[in-house]
Amino acid sequence: MIHPSIPTNLQIIRERIEAAARRSGRDPREIELVAVSKKHPPEQIREAWDSGQELFGESRVQEALVKIPLLPSNLRWHFIGHLQSNKIRKMLPLFELIHGVDQLQTARDLDRIGGELGMLPRVLLEVNISGEPSKKGFDPKALEQIIEEMLSMPRLQVEGLMTMAPLAGEAESSRPYFSGLRDLRDQLAQKTGIPLATLSMGMSGDFEIAVEEGATLCRVGSSIFGELLRNEKFPLIENF
């Protein structure tokens with residue numbers, strides 16, 4: 001049975017994305033919603049799928065290994081967490097896009113293992129556009145120096161950039177970080193001749209600002225599935 005909040009939440013978010021796109025003169029079809037399903041049980045993911053959502057984001061490989069086989073095979077999955085190299089071999093067959101490549105060595109490992117598995121890993125490069133010491137991601141200046149190496153890897157498919165804005169009370173405060181990522185993408189695209197068309201930015205609190213600044217993927221979780229309590233557990237994933 002569908003819980004009424006999930007289809008309603010999805011409809012509201014889609015309408016907000018469409019409105020933000022039209023405000024900025026964009027085609028709403030350019031933006032895709034990633035429903036962040038990490039820590040949420042398969043039953044809730046199925047409810048979202050029954051409401052027309054096909055693309056989901058998970059951040060822990062062990063959790064995904066349990067949940068994905070329990071769900072319809074035509075769901076699409078993005079990996080949105082920090083990727084450890086020792087998990088690459090298990091996760092690559094599950095996910096069509098990896099959002100958070102934040103180290104050159106991770107890119108090298110993905111390229112090597114992709115070759116061994118006969119796969120072409122599709123990735124976004126995570127950028128620490130805010131410069132916060134607590135955040136992972138490439139420094140923008142450093143990325144300019146090393147992106148050519150990643151683009152030259154035979155298996156790795158670099159499709160764009162990803163960032164997270166600093167936590168703030170006002171969504172508008174995220175705007176300079178999102179516009180900064182778009183500007184960096186434009187600079188890198190001009191330098192390399194590769195369009196880097198995908199921009200993953202914006203979460204529940206600021207996705208409309210991200211859309212206005214050029215996001216093509218928005219990662220929204222709590223506004224769809226609700227907040228998780230600190231001690232909330234689900235039988236299938238409580239040990240991860």
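The values are calculated or read from the model by the stated rules, or taken from the named source; none is laboratory data. Just so you know, these numbers come straight off a predicted model, no measurement behind them. Please note: Cβ atoms are built from the backbone with ideal geometry, for glycine as well, and neighbour counts cover all protein chains shown.
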Can you tell me which of 99, 82 is within 26 Å of residue 143 (Cα to Cα), part of a loop (DSSP other than H, G, I, E, B) and in contact (Cβ under 8 Å) with a residue 40 or more places away in the chain?
82
Residue 98: in contact with a Phe, Trp or Tyr (Cβ under 8 Å, 6 or more places away or on another chain), closer than 22 Å to residue 202 by Cα and among the aliphatic types (A, V, I, L, M), yes or no?
yes
Of the residues that sit in the stretch 3-49 and are in contact with a helix residue (DSSP H, G or I) (Cβ under 8 Å, 6 or more places away or on another chain) and acidic (Asp, Glu), which one is nearest to residue 207 (Cα to Cα)?
18
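Could you list all residues from the stretch 159-191 that are over 27 Å from residue 204 (Cβ atoms) and touching a strand residue (DSSP E or B) at 6+ places or on another chain (Cβ under 9 Å)? Break it down into steps so the answer makes sense when it comes.
Start the filter on the stretch 159-191 by keeping residues that are over 27 Å from residue 204 (Cβ atoms), which leaves 187-191.
Listed by number, the list holds a single entry, 188.
Could you pull out every one of the helices (runs of 4 or more DSSP H) wholly within the stretch 127-238 that has 1 or more residues that are at pLDDT below 95 and over 19 Å from the mean Cα position of the chain (by Cα)? Full working, then the answer.
Details: elements: 140-151, 175-192, 207-212, 222-225.
Ranges flagged: 140-151.
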Applying the selection to the stretch 76-100, what residues are crowded, with 18+ Cβ neighbours inside 10 Å and out of contact with any Pro (no Cβ under 7 Å at 6 or more places or on another chain)?
77, 78, 79, 80, 81, 83, 88, 91, 95, 97, 99, 100
Looking at the stretch 50-62, can you tell me whether even one residue there is β-branched (Val, Ile, Thr), over 28 Å from residue 182 (Cα atoms), surrounded by fewer than 18 Cβ atoms within 10 Å (Cβ to Cβ) and touching a helix residue (DSSP H, G or I) at 6+ places or on another chain (Cβ under 9 Å)?
no
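Identify all residues within the stretch 139-188 that are of a type in the set (D, E, K, R), surrounded by 14 or more Cβ atoms within 10 Å (Cβ to Cβ), over 11 Å from residue 125 (Cβ atoms) and in contact (Cβ under 8 Å) with a residue 40 or more places away in the chain; write none if there are none. Let's see the steps before the verdict.
Initial filter on the stretch 139-188 (of a type in the set (D, E, K, R)): 139, 141, 144, 148-149, 155, 159, 170, 172, 175, 182-183, 185-186.
Next, from what is left, pick out any that are surrounded by 14 or more Cβ atoms within 10 Å (Cβ to Cβ): 144, 155, 159, 175, 182-183, 185.
Applying the additional criterion that residues be over 11 Å from residue 125 (Cβ atoms) yields 144, 155, 175, 182-183.
Within the stretch 139-188, 144, 155 qualify.
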May I ask you to list the residues in the stretch 113-134 that are surrounded by fewer than 16 Cβ atoms within 10 Å (Cβ to Cβ) and either touching a Leu at 6+ places or on another chain (Cβ under 6 Å) or farther than 21 Å from residue 196 by Cα (or both)?
115, 116, 117, 118, 119, 131, 132, 133, 134
Please go through the stretch 60-75 and pick out each residue that is in contact with a Phe, Trp or Tyr (Cβ under 7 Å, 6 or more places away or on another chain) and either free of Cβ contacts under 8 Å to residues at least 24 places away in the same chain or closer than 17 Å to residue 10 by Cα (or both).
75
